[in-house]
1. If I filter region 78-97 for residues that are modelled with pLDDT under 85, surrounded by fewer than 10 Cβ atoms within 10 Å (Cβ to Cβ), of a type in the set (Lys, Arg) and outside any helix (DSSP H, G or I), do I get at least one hit?
2. Can you name every residue in region 33-44 that is part of a helix (DSSP H, G or I) and crowded, with 17+ Cβ neighbours inside 10 Å?
3. Find the residue count for region 69-85, including only residues that are on the phi < 0 side of the Ramachandran plot and over 16 Å from the mean Cα position of the chain (by Cα).
Amino acid sequence: MADEELEAIRRQRMAELQAKHGGPPATEMRNSILAQVLDQSARARLSNLALVKPDKAKAVENYLIQMARFGQLGGKITEAGLIEILEKVSQQTEKKTTVKFNRRRVMDSDDEDDD
């Protein structure tokens with residue numbers, strides 16, 4: 001295939017994706033919104049979090065995008081602001097760990113006093 005034909009196929013495929021999703025692909029849109037909302041250090045922290053805990057990073061991204069869409073952000077969020085948001089999200093999604101011991105009473109000498 002010639003380069004021109006390949007480029008035409010790419011443009012056609014991109015147009016189909018944009019028509020299907022109503023704009024650019026979703027990941028590009030998310031990244032562009034996050035780039036407008038976060039400064040460099042906050043974006044770096046969020047990307048590090050995504051490597052370790054992808055579900056938590058996704059929840060924070062969704063929270064930030066929602067805040068940006070409703071106009072609740074008053075500028076770019078710094079790393080300190082992102083840390084505060086991370087603490088809020090982790091408090092909301094905090095799981096209480098409980099440990100319960102089930103002891104077997106098969107050969108327990110305390111239950112039987114056969115002396």
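The values are calculated or read from the model by the stated rules, or taken from the named source; none is laboratory data. Because the structure is predicted, anything quoted here is derived from the model rather than measured. Cβ sites come from the backbone with ideal geometry, for glycine too, and all protein chains shown count toward neighbours.
1. Yes: region 78-97 contains one or more residues that are modelled with pLDDT under 85, surrounded by fewer than 10 Cβ atoms within 10 Å (Cβ to Cβ), of a type in the set (Lys, Arg) and outside any helix (DSSP H, G or I).
2. Leu34, Val37, Ala42, Arg43
3. Of the residues in that region, 11 qualify.
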